[in-house]
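> Quick one: this structure, given as structure tokens, is what I'll be asking you about.
The values are calculated or read from the model by the stated rules, or taken from the named source; none is laboratory data. From a predicted model like this one, the values you see are computed outputs, not experimental measurements. Note that each Cβ is placed from the backbone with ideal geometry, even for glycine, and that neighbours are counted across all protein chains shown.
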Amino acid sequence: MRRTAVVERAQQTWTVGPAAEAVGTTVRALHHYDALGLVVPSGRTDAGYRVYTGADLDRLRHVLVHRELGFALDDVAALLDGDPDDRARLVREQLARVTDRIDRLQQVRAALETEMEATMSGTELTQAEKRELFGSTWVENEEEYAAEAEERWGDTDAWRQSRERTSRYTKADWAEVAAEADGINARFVALLQAGEPADGDAARAVAEEHRQHISRRFYDCGPEMHAGIGRMYVEDPRFTATYEAMAPGLAQFVCDAFQANAAGRS
């Protein structure tokens with residue numbers, strides 16, 4: 001019986017829609033991987049539709065796992081088709097980085113759980129508490145940019161509105177702001193790694209989510225102002241480095257998504 005099940009699976013095939021659903025990705029991503037020669041379907045129907053085998057789906061799952069670990073698509077192809085020893089070494093290195101990130105996220109989670117208990121306290125977030133919630137790098141950057149930002153925008157309505165709003169934020173408010181921003185960034189990373197275009201509907205929707213996040217949490221941010229923020233992500237090396245640390249190519253991807261969203265709302 002077990003051998004029969006294995007044989008049946010080996011003979012089973014999937015068209016592109018069911019194949020994407022089976023591995024938890026998008027049809028657009030499968031088309032992109034096929035165009036790159038990364039995951040090429042083993043066959044075609046008489047009508048020309050892609051047909052994937054079980055082995056094709058196994059390779060696709062390996063691609064998605066390596067993308068989740070942070071590998072670029074070119075590196076994924078080299079890993080899957082290259083020396084198994086090199087692949088094992090690189091995967092171990094990436095797993096070590098992921099483990100470090102998990103440890104950091106667990107620390108953040110513990111800080112957020114502590115904050116939940118103090119939600120009703122109404123206490124403003126101190127610099128030490130910001131370090132606890134967001135890490136020292138975030139606070140160091142905030143302090144570095146503060147004087148420069150005030151010099152550039154201190155006489156604007158947006159600056160005054162942001163200062164007035166955030167001066168009333170409690171630790172719980174800042175925890176929510178951080179969680180929202182992390183969620184938006186994670187959605188951008190997922191779109192980039194799935195091969196979605198920066199000017200596509202999905203990326204523009206996340207860009208608009210980011211614009212609304214700024215308008216709700218900090219200051220009224222119109223489409224043109226938001227497009228300017230996107231350009232700053234690629235023009236200022238400090239911002240670029242922040243996004244590139246999340247995923248290679250993310251700074252330009254986010255910038256392009258902001259521009260496309262703004263163009264569609266002008």
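> If you go through region 166-202 one residue at a time, how many are of a type in the set (D, E, K, R), closer than 30 Å to A35 by Cα and either touching a Pro at 6+ places or on another chain (Cβ under 7 Å) or not in a loop (DSSP other than H, G, I, E, B) (or both)?
Qualifying residue count for the region: 2.
> Out of contact with any His (no Cβ under 8 Å at 6 or more places or on another chain), more than 22 Å from G195 (Cα to Cα) and surrounded by fewer than 16 Cβ atoms within 10 Å (Cβ to Cβ) - does that describe any residue in region 59-76?
Taking every residue of region 59-76 in turn, none turns out to be out of contact with any His (no Cβ under 8 Å at 6 or more places or on another chain), more than 22 Å from G195 (Cα to Cα) and surrounded by fewer than 16 Cβ atoms within 10 Å (Cβ to Cβ).
> Would you please name the residue that is nearest to P248 (Cα to Cα), looking only at residues in region 22-58 that are polar (S, T, N, Q) and surrounded by fewer than 15 Cβ atoms within 10 Å (Cβ to Cβ)?
Looking at residues that are polar (S, T, N, Q) and surrounded by fewer than 15 Cβ atoms within 10 Å (Cβ to Cβ), I get S42.
> Separate question: Counting only residues that are farther than 20 Å from V76 by Cα and buried (at least 18 other Cβ atoms within 10 Å of the Cβ), how many does region 189-201 have?
1
> To continue, here is another question. Which count do you get for residues in region 236-253 that are of a type in the set (D, E) and part of a helix (DSSP H, G or I)?
Residues in region 236-253 being of a type in the set (D, E) and part of a helix (DSSP H, G or I): 1 in total.
> Given the options T170, T166, T156, T240, name the one that is surrounded by fewer than 19 Cβ atoms within 10 Å (Cβ to Cβ), farther than 30 Å from V23 by Cα and under 16 Å from the mean Cα position of the chain (by Cα).
After applying the criteria, what remains is T240.
Residues checked against (1) in contact with a Lys or Arg (Cβ under 6 Å, 6 or more places away or on another chain); (2) free of Cβ contacts under 8 Å to residues at least 24 places away in the same chain; (3) within 21 Å of V177 (Cβ to Cβ); (4) outside the structural domain of T25 (by TED's automatic domain parsing):
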position: D201; (1), (2), (3), (4): no, yes, no, yes
position: E209; (1), (2), (3), (4): no, no, yes, yes
position: P223; (1), (2), (3), (4): yes, no, no, yes
position: H226; (1), (2), (3), (4): yes, no, yes, yes
position: V234; (1), (2), (3), (4): no, yes, no, yes
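> May I ask you to say which residue of V206, V189, V177 is under 12 Å from N261 (Cα atoms) and among the aliphatic types (A, V, I, L, M)?
V206 is the lone residue from the list that is under 12 Å from N261 (Cα atoms) and among the aliphatic types (A, V, I, L, M).
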